[in-house]
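Structure record follows, encoded as structure tokens.
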Amino acid sequence: MLFFKSSKQIKEQKKLMNNHIETIIIQSGWADVNIYTHKENYISLFLTSIENGPYWIVEENQDQLRLTIEPGIRRLHFRFNQTIKLDVYVPEQNNINWEVEADSGSVYFYKQVVQNIMLRVGSGNFKGNDLTVNNAFVEVGTGEVNINHFNGENLQLVGGSGDIKLVDVTCNRIMSKIGSGSLRYNHVRYKEMISEGGSGDVFLENFQGDTKMKVGSGDIEVVLDERPNLKCELQAGSGTIITDTGHISDGKIHKDYGEAKYVLALTSRSGDVVVKQKF
């Protein structure tokens, strides 16, 4: 068995006084990326790394900032036992477009009011908290997606084997597609939501808007409010449809609640479709 001695940790810091940055592009590799706001009128960058380990390249060009984390000499073993991270602090009042790409590092956005976010993560996780975004696109391979307190126009999520969880989200349109992970939504408001899953389950409660959900072998469970206004279209291939009126195995039913203001269309190829109502 091989043992590797921990290297000395190093920290670097840069301050950028350019107030005209409109786009920030980050390629972080294995490093974690954390995006924060502060009350200052400049951008602060902090890199936590190790000797001979990952280092950064900072390129500033008028209205664009590009941050690249290169692996360094000790690229094989540092990621297993030492923290490598990039912390970025931007002014509270900003109108930045973000493009972030990470291989195995995780990405965290906190308290941002921005134009657009385009994010691609390999095996790391994404967490967003208290975000106001015009358009957001998040693609994660094997990691998880957790978004809390989100306001925006368009939210598009693509996942692989990790789970996607949305809590307290208000958006014009939500689109999500996932492989074997599960989808969980709670307190979500939208005009339209389209979700597509593979073998994972889908859970939805405290929602408002036109909803279309389709899964392969997973189950779909939806909890309705006490006074729902929905037109439900429920379909299950080899699975069972379960509502407050009992179990139905014929594969397809239509059911209206209240004034049927919104559409709820649920389809599972081989899993169950469950619709419950709060009382």
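The values are calculated or read from the model by the stated rules, or taken from the named source; none is laboratory data. Fair warning: this is a prediction, and the values are worked out from it, not measured in the lab. We place every Cβ from the backbone using ideal geometry, glycine too, and count neighbours over all the protein chains shown.
Values as computed for the structure displayed
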| item | result |
| --- | --- |
| So residue 99, is it on the phi < 0 side of the Ramachandran plot and in contact with a Lys or Arg (Cβ under 8 Å, 6 or more places away or on another chain) | no |
| Positions within the range 262-279 being surrounded by fewer than 21 Cβ atoms within 10 Å (Cβ to Cβ) and either small (Gly, Ala, Ser) or under 15 Å from residue 193 (Cβ atoms) (or both), in sequence order | 262, 263, 265, 267, 270 |
| Test: residue in the range 198-219 that is of a type in the set (Ser, Thr, Tyr) and either surrounded by fewer than 16 Cβ atoms within 10 Å (Cβ to Cβ) or in contact (Cβ under 8 Å) with a residue 24 or more places away in the chain (or both) | yes |
| Residue check, residue 239 buried (at least 19 other Cβ atoms within 10 Å of the Cβ), farther than 28 Å from residue 150 by Cα and without any contact (Cβ under 8 Å) to a residue 40 or more places away in the chain | yes |
| Sole exception among (1) surrounded by 17 or more Cβ atoms within 10 Å (Cβ to Cβ); (2) over 21 Å from residue 124 (Cα atoms) for residue 187, by number | (1) |
| Scan of the range 102-121 for residues that are at pLDDT below 95 and within 16 Å of residue 85 (Cβ to Cβ), ordered by number | 103, 104, 105 |
| Identity of the residue in the range 84-111, over 20 Å from residue 132 (Cα atoms) and not in a strand (DSSP E or B), that ends up farthest from the chain's Cα centre (by Cα) | 84 |
| Residue selected from the range 11-28 under the condition surrounded by fewer than 18 Cβ atoms within 10 Å (Cβ to Cβ) and outside any strand (DSSP E or B), by the criterion nearest to the chain's Cα centre (by Cα) | 22 |
| Boolean, residue 181 is in contact with an Asp or Glu (Cβ under 7 Å, 6 or more places away or on another chain), surrounded by 22 or more Cβ atoms within 10 Å (Cβ to Cβ) and not acidic (Asp, Glu) | yes |
| Count of residues meeting criterion [farther than 12 Å from residue 133 by Cβ and surrounded by fewer than 22 Cβ atoms within 10 Å (Cβ to Cβ)] in the range 158-178 | 10 |
| Residue tally, condition polar (S, T, N, Q), part of a loop (DSSP other than H, G, I, E, B) and under 21 Å from residue 158 (Cα atoms), over the range 198-251 | 2 |
| Residue within the range 64-76 that is part of a loop (DSSP other than H, G, I, E, B) and of a type in the set (Ser, Thr, Tyr) present | no |
| Where residue 123 falls short, out of the listed (1) in contact with a strand residue (DSSP E or B) (Cβ under 6 Å, 6 or more places away or on another chain); (2) of a type in the set (Ser, Thr, Tyr); (3) crowded, with 16+ Cβ neighbours inside 10 Å | (1) |
| Of residues in the range 64-90 being more than 20 Å from residue 107 (Cβ to Cβ) and either of a type in the set (Val, Ile, Thr) or touching a helix residue (DSSP H, G or I) at 6+ places or on another chain (Cβ under 9 Å) (or both), the one modelled with the lowest pLDDT | 73 |
| Matching residues, the range 36-57, being aliphatic (A, V, I, L, M) and crowded, with 16+ Cβ neighbours inside 10 Å | 43, 45, 47, 50 |
